[in-house]
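Undergrad: My questions all concern the structure below.
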Amino acid sequence: MSTPQRILVTGSAGRIGRAAVAELTARGHKVVGLDIHPTPGLPPDRSRVASLTGPGVLEAAAAGVSAIIHLAATPDDAQYPRGAAPDDGDNFLTDLVPNNIIGPYQIMETARRLRIPRVVLASTGQVIDGHLKDQNVPVTPDTPPRPRYLYACTKVFLEALGQVYAKEHGIEVLAVRLGWCPRAGQEDEFRRTEIGPDVYLSPGDAGRFFAATVEVPKLPPFAVVYATSRHVRTRQYDLTSSRELLGWEPREQWPEGSGW
């Protein structure tokens with residue numbers, strides 16, 4: 001049993017956030033959740049309902065924590081690929097920049113100022129989407145980015161940001177390229193994709209993964225790893241680093257844990 005820690009989870013009311021909170025809480029950790037919605041399973045004094053870009057929000061939520069698990073983000077591109085004018089707008093400036101560019105910067109700055117020793121940053125398999133489409137698999141942590149759309153570009157920035165703060169400020173930073181943990185309303189989209197079952201990430205596997213990221217005694221200054229459940233047909237992501245660094249192995253396979 002790991003020594004109980006105080007952990008901040010941003011995006012704690014989302015599908016992966018709820019899974020992380022539930023697993024960490026079950027293991028005896030004291031979790032603070034930060035989300036624009038209340039976090040199920042947390043008492044009101046540890047369920048902070050606010051935007052992480054609000055003034056002073058992160059400093060208050062992160063006080064006394066030993067690690068931050070940063071999951072909060074605008075999850076997808078809107079209007080991308082672009083339609084014909086006038087229906088050719090996107091949500092880059094309105095949503096992606098504040099939440100996916102400025103937000104991670106504020107996370108890392110908070111960790112620097114409060115001397116928080118470890119930050120886990122949620123990236124996405126969409127940063128190497130081009131390799132998946134060409135079946136250059138399994139992709140490894142060293143596989144160079146070939147991002148899907150603008151959302152994935154923000155995650156390329158997030159990974160680079162983590163690398164800089166690890167190097168310059170001595171923070172252990174783990175960038176996690178997550179598989180697909182389908183949200184409510186994504187059922188039809190998931191079923192239409194051939195690759196879905198092979199990049200599926202169950203809530204149970206996600207919760208155990210993020211618990212491992214804070215319980216492992218030591219991490220490299222910076223590392224990129226992948227997190228998916230067990231593939232059904234073709235191995236898309238190389239999970240070797242996740243196994244070696246965290247001692248984590250996925251237990252489930254699509255559709256286990258999906259609730260569908």
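Undergrad: What's the local net charge at G130, with K and R +1, D and E -1, over the other residues with C-beta under 12 Å away?
TA: +1
Undergrad: Using only alpha carbons, build the gyration tensor for the range 14-55 and give me the equivalent ellipsoid semi-axes, biggest first, whole Å.
TA: Taking √(5λ) for each eigenvalue gives 18, 11, 8 Å, largest first.
Undergrad: Once amide H atoms are built 1.01 Å from N in the peptide plane, which residues 5 or more positions from V139, or in another chain, come under 5 Å H to H?
TA: Amide H to amide H, under 5 Å and 5 or more residues apart or across chains, V139 pairs with Y237, D238.
Undergrad: Treat every Asp and Glu Cβ in the chain as -1 and every Lys and Arg Cβ as +1, leave all other atoms uncharged, and give the resulting dipole magnitude about the Cα centre to the nearest 20 debye.
TA: 760 debye
Undergrad: Further, regarding this structure: How much of the accessible area of the chain, probe 1.4 Å, is carbon plus sulfur, in whole percent?
TA: With neighbouring chains kept in place, the figure for the chain is 53 percent.
Undergrad: About the Cα centre of the range 154-260, what is the dipole size in debye to 20, counting +1 per Lys and Arg Cβ and -1 per Asp and Glu Cβ, all else neutral?
TA: 80 debye
Undergrad: Nearest 500 deg cm²/dmol is fine: what mean residue ellipticity at 222 nm does the chain get from its DSSP H runs of n ≥ 4 alone, each adding -39,500 (n - 2.57), divided by its residue count?
TA: Value at 222 nm, helices only: -9500 deg cm²/dmol.
Undergrad: Could you work out the pair-distance distribution P(r) of the range 88-182 from its alpha-carbon pairs, with 10 angstrom bin width and percents rounded to whole numbers?
TA: Going from the shortest bin to the longest, the percentages are 16, 43, 32, 9, 0.
Undergrad: Next question. Describe numerically, in nm with one decimal, the distance between label points set 7 Å from Cα along Cα→Cβ at A78 and at R243.
TA: Distance between the two pseudo-spin positions: 4.2 nm.
Undergrad: In Å², what does the accessible area per residue of the range 121-163 work out to with a 1.4 Å probe?
TA: That works out to 41 Å² per residue.
Undergrad: So what's the net charge close to A78: Lys and Arg +1, Asp and Glu -1, counting the other residues with Cβ under 9 Å from its Cβ?
TA: -4
Undergrad: According to the Cα gyration tensor, what semi-axes, each the square root of 5 times an eigenvalue, does the equivalent ellipsoid of the chain have, listed from largest to smallest in whole Å?
TA: The equivalent ellipsoid of the chain has semi-axes of 26, 22, 19 Å.
Undergrad: Let me ask another. Within the set of other residues whose C-beta is less than 11 Å from the C-beta of D205, count the net charge using Lys and Arg as +1 and Asp and Glu as -1.
TA: Net charge around D205: -1.
Undergrad: Write down, largest first, the equivalent ellipsoid semi-axes of the range 33-83 in whole Å, where each equals the square root of 5 times an eigenvalue of the alpha-carbon gyration tensor.
TA: Equivalent ellipsoid of the range 33-83: 27, 13, 11 Å, largest first.
Undergrad: Can you compute the label reach from R233? Point 7 Å from Cα along the Cβ direction, backbone N cut-off under 15 Å, restricted to the range 181-201.
TA: 190-200, by backbone N distance to the label point.
The values are calculated or read from the model by the stated rules, or taken from the named source; none is laboratory data. No experiment lies behind these values; they were computed from the predicted model shown. Quick reminder, even Gly has a Cβ in these numbers, built from the backbone with ideal geometry, and neighbours come from all protein chains shown. In case anyone asks, the SASA skips ligands and DNA or RNA and just uses the protein heavy atoms, side chains included. Shrake-Rupley method; radii C 1.70, N 1.55, O 1.52, S 1.80 Å.
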